[in-house]
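Let me begin by presenting the structure, written as structure tokens, before commenting on it.
Values in this text are rule-based calculations from the coordinates and carry no lab data. This structure is a prediction, so every number in the text was calculated from the model and none was measured. Cβ: placed from backbone, ideal geometry, glycine included. Neighbour counts: every protein chain shown.
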Amino acid sequence: MTRNRSPLRYLPAHSVDVASGPLVLFAAVSGMLCFVLWRMARGEATPFDAAGFIPQVMSVVLTVSVLVASGGGAGGDVANGFYRAWFSKPIAPWWFYLQRWLLGGLAVLCIPLLLGLGLKLVFGGAWGVTNELMAVIALGYLLVGGTVLLASGFTARDWLVTFLLSFAQARINDVMGIMEMTKQDPPAALEWAHRLLPPFHLISPIKGLPEGNDLVHVVAYGAGLVAVALILFVVKPLGSGGRA
């Protein structure tokens, strides 16, 4: 009996994992939200503005949805000893986890599509999903999901590390904004922290796609996170610190 050495042999298992986990959750939440909005809007003459509503929803749920879709990767497998089963057959760990990570990104991109389709079925009219919105969500996954992917090389709590970094960066950005408004010079340590942390503040479904240097910053930082994570999976033994 020949062994399946295809690099895509785990694709069906990964697809089922994503479809039965994050995607089902996203679909259920989108359906519940559409139902609640339908109940609230019954009898109102004003047409529902899906184009304005969906970006607002995505600005609230984007980070959490990325954590759900991308969390629990390599770190969880090592902590639970699953890596021994996954890699009992020859396959590169970097490709194994990149493939799962990319499918998680597709699940996140389905959120506005599911929500837009539900709103169109309930209220009619335009479904409110634009190419720019999808691009912003993709950048959000690249940046936030890239942080999760890199953190998963060190800990099973990759989602928690990413959430704390996101929270810290948001608070530092708030302080920097206040100091700029009051024309105060920020402390050097605060300014360095603002520069070094992932630029989560540049991702906003409401504001739209970042432009110029901001766009370059987001893409370069996110791509760098993913690249370092993949290099880490190549050079760092997965069994280091894993459960026997």
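In this calculation the C-beta distance from ALA28 to ALA227 is compared with R0 = 25 Å, giving a FRET efficiency of 0.15. The phi torsions of region 92-101, fed into the Karplus equation with coefficients 6.51, -1.76 and 1.60 and a -60° offset, translate into couplings of 6, x, 5, 6, 4, 7, 5, 4, 5, 5 Hz, rounded to whole numbers, with Gly and Pro shown as x. Straightening the chain between GLU132 and PHE167 buys 10.1 nm, computed as 0.36 nm per residue apart minus the Cα-Cα spacing.
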